[in-house]
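The values are calculated or read from the model by the stated rules, or taken from the named source; none is laboratory data. Here the structure is a predicted model, which means the values were calculated and not measured. With ideal geometry, Cβ positions are generated from the backbone for all residues, glycine too; neighbour counts draw on all protein chains shown. Please note that ligands, DNA and RNA were not included when accessible areas were found on the heavy atoms of the full protein model with its side chains. Shrake-Rupley method; radii C 1.70, N 1.55, O 1.52, S 1.80 Å.
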Amino acid sequence: MSKENGLIYRISGPVVTAVGISPRMYEVVRVGDEGLMGEVIELHGDQSVIQVYEETSGVKPGEPVIRTGQTLSVQLGPGLLTQIYDGIQRPLPKLEKSMGVFITRGVDADGLDLERKWDFEPKVSVGDSVDSGQVIGIVQETETIEHRVMIPPSIKGIVKKIESGSFNIKETICELEDGTEISMMQEWPVRHPRPFSQKYAPDVPLITGQRILDFLFPLAKGGTAGIPGPFGSGKTVTQQQLAKWSDAEIVVYIGCGERGNEMTEVLDEFPHLIDPNTNKPLMNRTVMIANTSNMPVAAREASVYTGVTIAEYFRDMGYNVALMADSTSRWAEAMREISSRLEEMPGEEGYPAYLSSRLAEFYERAGRVRTLAGDDGSVSVIGAVSPPGGDISEPVSQGTLRIVKVFWGLDAGLARQRHFPAISWLSSYSLYPQSLDQWYRDNIAQDFPDLRTEISTLLQVEAELQEIVQLVGSDALPIDQQLTLEVARMIREFFLQQNAFHDVDTFSDLKLQYEMAKAILTFQAEAKKAIAGGALLEDVVNIPARTDLMRGRFEKGYQEKINQMISEMSKQISESLEVN
Amino acid sequence: MGGDIIGAAINPYSRQSPEAFIQTGISAIDACTSLVRGQKLPIFSASGLPHNDIALQIARQAKLVGSDDDFVVVFCAMGITAEEYNFFVHDLERTGALENAALFVNLADDPAVERLITPRLALTAAEYLAFEHDYHVLVIYTDMTNYCESLRQIGAAREEVPGRRGYPGYMYTDLAMLYERAGLVKGKKGSITQFPILTMPGDDITHPIPDLSGYITEGQIVISRELHQKGIYPPINVLPSLSRLMNAGIGPGKTREDHKSVSDQLYAAYAQGRELRGLVAIVGEDALNERDLQLLKFADIFEDQFLRQSRDEDRSIEEGTLDLAWNLLSNIDTKYLVRLDQKWIDKYHPTEKKN
């Protein structure tokens, strides 16, 4: 490939037009005297339009543009985990070393440490026939995760030589009969999905420990979820809770165009958090991509693709991966900004007309699959959406809702009452319960799905009753409906509310969720009986055991005590009947 | 020494988490939307409301509990009238704060394009003071709405494709490049805390200016016309107000161990009390049960005694604000106070505490 040089002709923000080169679409080029990284996004005859991943102030027409012949790719191999990258896979700690605390430009950094030695343990021997995606050896990358070194896609053959021992990721560790040399590092263009052999139906839940999510609106492994909500309604906290507690083996967290201080909080907090499943730091399973709102807008556009490609790579090893993107609206805005600089014909609200197809392409990279090697792996995608003014009729929310199967709708009203997570039980939905119910029956309890139906029916009934209460007051309702209101209040305050910042309450496993739901329904059944027998609603509602039960969820060892608390509550209710 | 006023982005990895509580002496802010050093917390106001008084009161009273470090103030005026400018300068002069302040002023009749530069100059100065000379800097800018109007004016003059309500599509990025210059960085002692003031056109919080700001800043303090008309100062509506960094800045060793519980309980009780006002208007108080009556009464007490304070009243966080909150909450039966841990009730409740 000839590396011809061109010249800058025009600059508009992050968009640069060059003449004198004839690159291919999506080829990476070096722009200006400082060699800023850019990507070709449009070609008009001899004019190439380039989006530049770094700040362009001070760059002027006439400066050189150099082709590299490559497309925008990420480096994949041991060393990804625990890393913190910017949108184009430059490690932020390395950037700090070379530029100081402020991000300047023109600095290149490899995504992976090319020098570090890893202990490679082979899993194939000489003479074995190997195929694309097959695991040829493993590296213990972090305490909890073994990195499975795979044959890159579209390569196969017979092993001629296989190494064992300490190597860096560029060294050849395997040679095939046809002379192909394989190292631990692969490169993959971010805009292309990695191949797999088959997509499965999602029938295993992604357990998050968040009661409203697991119990009412579950997400399947390999599923897609959207979290739209106005600012201040708790999108970021919800995303972070998922990153902390979901039972995926690998977590990829993309902070896309969000706040710097919030990103720092994540970066500070994660290394100290302990994974409840392995008792090891959560960071061991995490890759982070941080592109805050004031970092270059084109890199924000790329960050989502960088993240999903890394997620797919771990999926190919047979892991369950959860990918959080906070927020996809900022990503869409980056597309809009670049589109308007390109002077493209705008679609709805100034977004480019290809917005919804880009969103669909992104979410379609999720899924539970049979990998090329025949293992099961999944990528679950959870995208936050920040609709202007909280109005989800705007294009990004609508484009997202057409694709995702789970909708966790955040509600400003709930957030104002400090009901967190502020996920509305009336507007949210999940299309997965049908396919997941069998799993819940087999693994938690036979009547788990029935409890879900009962709880959500109660909440629906409450919403209807509340409308009447708004007009006539609650005392005007018949006593059984007043009881329903009390039970629904209990569901809201005791079950749906969950304090993310409380040591104990932050995570509830499915068994506990089931017991808590059971406790509420037991209360309802016992109270109904007592009231039918002549007890006063006030007496039944104000029994001390109920308050204990509700406050108890903040205490350690709650899970062991809950059954005892339930029977104490039943006892007190029957006592209240005897008093009268 | 000269500096490029555009300002480079801080590497997120090099930032330090903001977690030092700033006591403003205003109960509504200290208890419910606590401010921490390095935060950017805008005041969402509207024309005719006393946002300038609140900003000045904060500038005057802001301090770290248990520390002598004082703030220096960088004041950035964008498109304000000469009258408002005089008000600020006069107040800063009167209280002696002017000696610790740098002022960047662009008045209403100055060129619009200059307005786009003013905050960048101010922030560059703030960065110089904070990161070269270890000062804790409080940046107050007023009024962001005028800044955004200028951005739109210049965008239109450049014949750019307009976005929502005619504002340029890159307004989010542009605002982020100002707001994101708040914070603390590793290895430097100083800090930048930002207090942008913006007036919401037509009191509309979904207008692009407050909306985009809210997505970048770490919370917002919302000024309410309704409270102002009731004669309450500061008329802060705590319900839509929020501080995202609050949890990092409060609790044992920072404010007090019960702070989070108390704040949650205040919010919940006040929100329900306000909701009940709507109901009472239709059906009268007779239709309420005992719990609802107590909550309804609490909403009035909360506005009258907790929110209301005078312009020079500087309440300390423990005695002035949290103890006051407990006193007011004791008007509600403890069995309805489900947000409070039992151990805090035992320790702090004025009538039920166990010594």
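I'd like to verify a number: residues in the range A:467-493 that are over 19 Å from B:Glu290 (Cβ atoms) and within 14 Å of chain B (Cβ to nearest Cβ), how many?
6
Considering only residues that are open to solvent by 10 Å² or more (accessible area, probe 1.4 Å) and either of a type in the set (D, E, K, R) or away from chain A (no Cβ under 12 Å) (or both), which ones fall in the range B:233-246?
B:Tyr233, B:Arg244
Quick one: which of B:Ala8, B:Ala46, B:Ala82, B:Ala77 is more than 27 Å from B:Glu319 (Cα to Cα), more than 14 Å from chain A (Cβ to nearest Cβ), open to solvent by 10 Å² or more (accessible area, probe 1.4 Å) and small (Gly, Ala, Ser)?
B:Ala82
If A:Asp33 satisfies all but one of (1) closer than 26 Å to A:Glu187 by Cα; (2) in a loop (DSSP other than H, G, I, E, B), what's the number of the condition it fails?
If we test A:Asp33 against (1) closer than 26 Å to A:Glu187 by Cα; (2) in a loop (DSSP other than H, G, I, E, B), just (1) comes out false.
Can you tell me which residue among A:Ile66, A:Ile50 is outside any loop (DSSP other than H, G, I, E, B), open to solvent by 50 Å² or more (accessible area, probe 1.4 Å) and closer than 18 Å to A:Arg10 by Cβ?
A:Ile66
Could you check, for the range B:289-296, whether at least one of its residues is surrounded by fewer than 17 Cβ atoms within 10 Å (Cβ to Cβ) and within 9 Å of chain A (Cβ to nearest Cβ)?
Yes, the conditions are met somewhere in the range B:289-296.
From (1) within 11 Å of chain A (Cβ to nearest Cβ); (2) in contact with a helix residue (DSSP H, G or I) (Cβ under 8 Å, 6 or more places away or on another chain); (3) without any contact (Cβ under 8 Å) to a residue 24 or more places away in the chain, pick out the condition that doesn't hold for B:Glu180.
Every condition holds for B:Glu180 apart from (3).
Report yes if A:Gly100 is free of Cβ contacts under 8 Å to residues at least 12 places away in the same chain, farther than 24 Å from A:Met263 by Cα and open to solvent by 20 Å² or more (accessible area, probe 1.4 Å), otherwise no.
Answer is no for this residue.
So, of the residues in the range B:173-188 that are assigned to a helix (DSSP H, G or I) and open to solvent by less than 10 Å² (accessible area, probe 1.4 Å), which turns out to be nearest to B:Leu35 (Cα to Cα)?
Checked the range B:173-188; the qualifying residue nearest to B:Leu35 (Cα to Cα) is B:Tyr179.
Can we say A:Ile227 is more than 10 Å from every other protein chain (Cβ to nearest Cβ), closer than 26 Å to A:Leu359 by Cα and surrounded by fewer than 23 Cβ atoms within 10 Å (Cβ to Cβ)?
Here the answer is no, as A:Ile227 does not meet what is asked.
For the range B:68-78, which positions are farther than 9 Å from B:Thr142 by Cβ and touching a residue at least 12 places away in the same chain (Cβ under 8 Å)?
Hits for the range B:68-78 are B:Asp69, B:Asp70, B:Phe71, B:Val72, B:Val73, B:Val74.
Out of the range B:274-288, which residues are β-branched (Val, Ile, Thr) and open to solvent by 60 Å² or more (accessible area, probe 1.4 Å)?
B:Ile282
Any chance the range B:60-72 includes a residue that's open to solvent by less than 20 Å² (accessible area, probe 1.4 Å), out of contact with any helix residue (DSSP H, G or I) (no Cβ under 9 Å at 6 or more places or on another chain) and part of a loop (DSSP other than H, G, I, E, B)?
Within the range B:60-72, one or more residues are open to solvent by less than 20 Å² (accessible area, probe 1.4 Å), out of contact with any helix residue (DSSP H, G or I) (no Cβ under 9 Å at 6 or more places or on another chain) and part of a loop (DSSP other than H, G, I, E, B).
Go through the range A:522-580 residue by residue and tally those that are assigned to a helix (DSSP H, G or I), open to solvent by 50 Å² or more (accessible area, probe 1.4 Å) and either within 14 Å of chain B (Cβ to nearest Cβ) or on the phi > 0 side of the Ramachandran plot (or both).
The number of residues fulfilling the criteria is 4.
Which of the residues belonging to the range B:11-43 are acidic (Asp, Glu) and surrounded by 24 or more Cβ atoms within 10 Å (Cβ to Cβ)?
B:Asp30
Which of the residues spanning the range B:4-56 are assigned to a helix (DSSP H, G or I) and free of Cβ contacts under 8 Å to residues at least 24 places away in the same chain?
B:Pro12, B:Tyr13
Residues are listed down the side, and each one gets a yes or a no for (1) charged (D, E, K, R); (2) over 29 Å from B:Lys297 (Cα atoms); (3) open to solvent by 20 Å² or more (accessible area, probe 1.4 Å):
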| position | (1), (2), (3) |
| --- | --- |
| B:Asp203 | yes, no, yes |
| B:His207 | no, yes, no |
| B:Glu218 | yes, yes, no |
| B:Ala248 | no, yes, yes |
| B:Lys260 | yes, no, yes |
| B:Ser263 | no, no, no |
| B:Gln272 | no, no, yes |
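When you scan the range A:470-478, do you find a residue that is buried (at least 18 other Cβ atoms within 10 Å of the Cβ) and of a type in the set (Val, Ile, Thr), even just one?
Scanning the range A:470-478 turns up no residue that is buried (at least 18 other Cβ atoms within 10 Å of the Cβ) and of a type in the set (Val, Ile, Thr).
Filter the range A:302-335 down to residues that are among the charged types (D, E, K, R), part of a helix (DSSP H, G or I) and in contact with a strand residue (DSSP E or B) (Cβ under 7 Å, 6 or more places away or on another chain), then give me how many there are.
Result for the range A:302-335: 4.
Say we look at the range A:33-47 and pick out the residues that are touching a residue at least 40 places away in the same chain (Cβ under 8 Å) and more than 15 Å from A:Ile88 (Cβ to Cβ); which of these is least open to solvent (accessible area, probe 1.4 Å)?
Step by step, filter the range A:33-47, then rank; the result is A:Glu42.
From the residues in the range A:41-84 that are of a type in the set (Asp, Glu) and either touching an Asp or Glu at 6+ places or on another chain (Cβ under 6 Å) or over 22 Å from A:Pro352 (Cβ atoms) (or both), which one is modelled with the highest pLDDT?
A:Glu63
Run down A:Ala332, A:Ala360 and say which single residue is touching a residue at least 24 places away in the same chain (Cβ under 8 Å), under 18 Å from A:Gly223 (Cα atoms) and either open to solvent by 50 Å² or more (accessible area, probe 1.4 Å) or touching a helix residue (DSSP H, G or I) at 6+ places or on another chain (Cβ under 8 Å) (or both).
A:Ala360
Checking the condition farther than 30 Å from B:Ala9 by Cα, under 31 Å from the mean Cα position of the chain (by Cα) and touching a residue at least 60 places away in the same chain (Cβ under 8 Å), which residue from A:Ser132, A:Ser154 passes?
On inspection, the qualifying residue turns out to be A:Ser132.
Looking at A:Ser327, A:Ser339, can you tell me which residue is open to solvent by less than 20 Å² (accessible area, probe 1.4 Å), at pLDDT below 90, more than 14 Å from the chain's Cα centre (by Cα) and within 12 Å of chain B (Cβ to nearest Cβ)?
A:Ser339
Looking at the structure I just gave you, is A:Ala412 crowded, with 17+ Cβ neighbours inside 10 Å and not assigned by TED's automatic domain parsing to the domain that holds A:Leu536?
Here the answer is yes, as A:Ala412 does meet what is asked.
Please indicate, with yes or no, whether at least one residue in the range B:215-228 is part of a helix (DSSP H, G or I), at the interface with chain A (Cβ under 8 Å from one of its Cβ atoms) and under 22 Å from A:Ser12 (Cβ atoms).
No, the range B:215-228 has no match at all.
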